[in-house]
């Protein structure tokens, strides 16, 4: 159809050229028409060739994406990941990165106005993160979780059922689909979680953009991707196993067997084996973890510099880098605090260069990056600049508690005048107590939520 349209256009131009070349047409006009028609024909041909080339490239790119996605799906169907056991009851532990209230407060310096949010877990795997997101955000009104592996999703659904989450509004709706296609769900989200997924895509730029387009204004995105410096030995072993397998990724069980045989054969003093024994051996006892680490058919590793350049590719959508979720690790005082002069020189660098300095001075610590993105400018609340009245009017939005007995009943306490110092009564801020603004002789316990 494309070429037939151009062919028709050329026929029209030739027809016009013939009409203008009649004897009755003035010579100068005939020359001008000839030149114009020739130029138009050349432009049409050039545009046609370019579009045809683009179409071929796009089709080839789509084939590559399908091929790589198929291999990735094969890996996780063989070894569903993460391999955490499925058990009855609620999840154990707490991760502040998956709590909307905590994440919002840490970035903006104040609690969100509402916890009635919509959540997306992009690349949920076997549902470990989805379970955390459900329990830590019980006020969520809608929750989608997508993954490329049907085998992993089967485990994720079982995990949700045994955690008694099915039927709750904050339980995940699991979808077997590519992260690239999240727009097909027809939702936008306040909180997007994407852990260990984007670096496994054939086109991480496209994946990041697909998520950024679904993020609401003021929303947060939590992302986890690999670091090149902290995974040097892993990358070497990946290449070694790819060479030994002839670059094929069709038998992951054989790849695990071969990889373990290579490690067993290596001398203990080799760099690759030393790093495996020192850092990864315990978790790699499980075949699924070993395969995910050393046999993955697609992986992109970043440095701080390339990471920030990657984030800038979605800046046109209003996406801003909001900082790492483990800021203490990036504090240069941890590395250079013993020499105030050197530390001062390092802290005089721009923030991006400080981060780069940290990872090149201590590469083994930074095996991955966990960070937040926001849609819109990050403006952190400065509580030192607010008035006493505004401070007392401030309140935190807490999650709605699950049905059941309260930890304790909120009740007034006896007069605290004698127990409080003059300075404490003046500040009206005492740990565990809230002094009445009208009369500092009364105090009550803060509500438990």
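Of note:
- Residue 308 under 18 Å from the mean Cα position of the chain (by Cα), farther than 19 Å from residue 252 by Cβ and at pLDDT 95 or above: yes
- Residue match in the stretch 194-212 (condition: over 16 Å from the mean Cα position of the chain (by Cα) and more than 20 Å from residue 84 (Cβ to Cβ)): no
- Which numbered condition residue 198 fails, given (1) within 24 Å of residue 66 (Cβ to Cβ); (2) crowded, with 19+ Cβ neighbours inside 10 Å; (3) out of contact with any helix residue (DSSP H, G or I) (no Cβ under 7 Å at 6 or more places or on another chain): (3)
- Helices (runs of 4 or more DSSP H) within the stretch 79-175 that include 1 or more residues in the same structural domain as residue 220 (by TED's automatic domain parsing) and within 30 Å of residue 391 (Cα to Cα): 100-108, 128-136
- Screening the stretch 176-191 for residues that are outside any helix (DSSP H, G or I) and out of contact with any helix residue (DSSP H, G or I) (no Cβ under 8 Å at 6 or more places or on another chain) and picking the one that is surrounded by the most Cβ atoms within 10 Å (Cβ to Cβ) gives 189.
- Top-ranked residue in the stretch 246-267 [being out of contact with any helix residue (DSSP H, G or I) (no Cβ under 6 Å at 6 or more places or on another chain) and not in a helix (DSSP H, G or I); ranked as farthest from residue 72 (Cα to Cα)]: 267
- Counting the residues of the stretch 305-323 that are within 17 Å of residue 231 (Cβ to Cβ) and touching a strand residue (DSSP E or B) at 6+ places or on another chain (Cβ under 8 Å) gives 2.
The values are calculated or read from the model by the stated rules, or taken from the named source; none is laboratory data. Keep in mind it's a predicted model, so treat the numbers as computed, not measured. Here the Cβ is made from the backbone with ideal geometry for all residues, glycine too, and neighbour counts use every protein chain on show.
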